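Heads up, the thing below is written out as structure tokens.
Here, each number is a calculation from the coordinates, and none is a lab measurement. The model shown is predicted, which means the values in this text are computed figures rather than measured ones. We place every Cβ from the backbone using ideal geometry, glycine too, and count neighbours over all the protein chains shown.
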């Protein structure tokens, strides 16, 4: 899902990805709308708004199977997140950790927690005050992509940075 | 549950020239052997219990369904019966039952007492020995007629196999409804055969991993209701809930100790790893049992309370470990290919059930408590979370077939050959088998 992560800076491209997802897997997948992904609608977001963060910075990073390491492509996103969060310091932050469904429920809760902590630690390392950040794990209970193969699992292994405690 | 427990009384063997159960030679007609190549279910004739209305036939059909699902009994089609039982207190014509190969025969009667209670009497006969094996009666309110049937099925199972039954039990589980991305997860409870479903939480927040107290009508579970996932206790009958402990972070994966006095669970550390703690429910003191920079979770006590089996990825990937109840001597016991999680100690103490992931499949299996003798009972796309029947002979778990949209509950016996779907209205997961009801 590197693709979505990169394209997330461009609202037009996001809409394109969403429509491709619709066409490509109507029969077996629940397509992700831009809204499902928390990307908001196209258009200019007010700088410093939650929409600005989600659309122009990118609110989520993805992980490899069973891994809690911050990938190279995720480091760029988290660096941008930290920069933005340091600029708009009025926001409390909740980092949600998620796992794919290819694990057992309790272990995946712990895995999601470890992903959230790794993401938090990276942001703190980039200057975001630790006391602004709360973490929560949803394990495999809140997938964004629903299908029975790796195309979905890779989207579900994620950490989502949310502002003001709003859920994703 | 208490009011109900008191209303059912075991009256012992019936009079009228019948031998008491205890004086009969203990000849098990059914041998439970988990290593046997094939298990031939015992042909058994279960007649409609006599009653003025349909209640007698209803109770005997529940008895027959319980015994059939165990895989150890083959109830004979009532259409094949020759003798019509008109007096269940008199000896049946054994020849009539032998001729249709009924090894055992169940007769009974249900009447209503002056106070409105049901009186259910039944007799179990060994047709080839030509003698009664069990004769008992129970009283209950009409609303509890299903329980009476399960108790009778347990009595038959116990007399014919020599092992305790598991039919008068309940299952706590998670009822799942709605789209997968916004799935509603509610705690629910039902009889082991899927009847009498009752909801224990409203579904406004995610609730999961319910586990029964071994000694009280109480479950421990994890819920997001405070915003942070935390472990709670719930009194099943009153609905009263309380938080377990006052921990700063997420608590999860709870289970009771065998004496019901402690809850053991995982606590998230600030560094993102998880360790195992126990909490004494009376003194409220907590004890740290593991301290690794790893995920330690899914702890489960041995039935004597001396040991704990758990999952840890301290070796890189999730594997099964055993330690003393005080955290001493932590030792890895799973060494097969793949990863292992959700270990659960058998109530008999002899085996550990687990979920294994290997070759892209999820498997439910059992191993001895030292990790040897691994046997896979079922393999599939996605299945996990075994829970033991109180007699340690049957496991229940949840399975999601590829493309099915959600999980369902299944039971499987230790031979791996008798698998049964448990009917639920919605998708269902996280089954937890209760002890035998009292």
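Table for the structure above
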{"quantity": "Cα gyration tensor category, rounded, prolate or oblate, for segment B:100-224 with a/c compared to 1.5", "calculated": "prolate"}
{"quantity": "Where N is the number of residues in chain B, Cα Rg divided by 2.2 N^0.38 Å", "calculated": "1.04"}
{"quantity": "A:52, A:100, B:271, B:430 arranged by Cβ crowding within 10 Å, fewest neighbours leading", "calculated": "B:271, A:52, A:100, B:430"}
{"quantity": "Two-decimal ratio, segment A:50-163, of alpha-carbon radius of gyration to 2.2 N^0.38 Å", "calculated": "1.01"}
{"quantity": "Cβ neighbours within 10 Å from other chains - mean over B:179-188", "calculated": "3"}
{"quantity": "Span from the segment B:255-301 Cα centroid across to the segment A:73-92 one, whole angstrom", "calculated": "35 Å"}
{"quantity": "Residue order, fewest to most beta carbons within 10 Å, for B:146, B:204, A:60", "calculated": "B:204, B:146, A:60"}
{"quantity": "Nearest-ten-degree value, helix B:145-161 long axis tilted from longest Cα axis of chain B", "calculated": "90 degrees"}
{"quantity": "Between 0 and 90°, nearest 10: helix B:55-69 axis offset from chain B longest Cα axis", "calculated": "50 degrees"}
{"quantity": "D_trans [Stokes-Einstein, Kirkwood Rh over alpha-carbon pairs] for segment B:172-433, 10 °C, 1.306 mPa s, µm² s⁻¹", "calculated": "86 µm²/s"}
{"quantity": "C-alpha center-to-center spacing [segment B:373-396, segment B:54-72] in angstrom", "calculated": "24 Å"}
{"quantity": "Cα gyration tensor shape for segment B:331-438, rounded if a/c is under 1.5, else prolate or oblate", "calculated": "oblate"}
{"quantity": "Potential lengthening between residue B:177 and residue B:246 on full extension [0.36 nm per residue; Cα-Cα distance subtracted]", "calculated": "21.7 nm"}
{"quantity": "Antiparallel bridges, percent of DSSP beta bridges restricted to the protein assembly as shown (to nearest 5)", "calculated": "90 percent"}
{"quantity": "Antiparallel DSSP beta bridges within segment A:50-163, percent to nearest 5", "calculated": "55 percent"}
{"quantity": "Per-residue Cβ neighbour rank within 10 angstrom, fewest leading, B:224, B:301", "calculated": "B:224, B:301"}
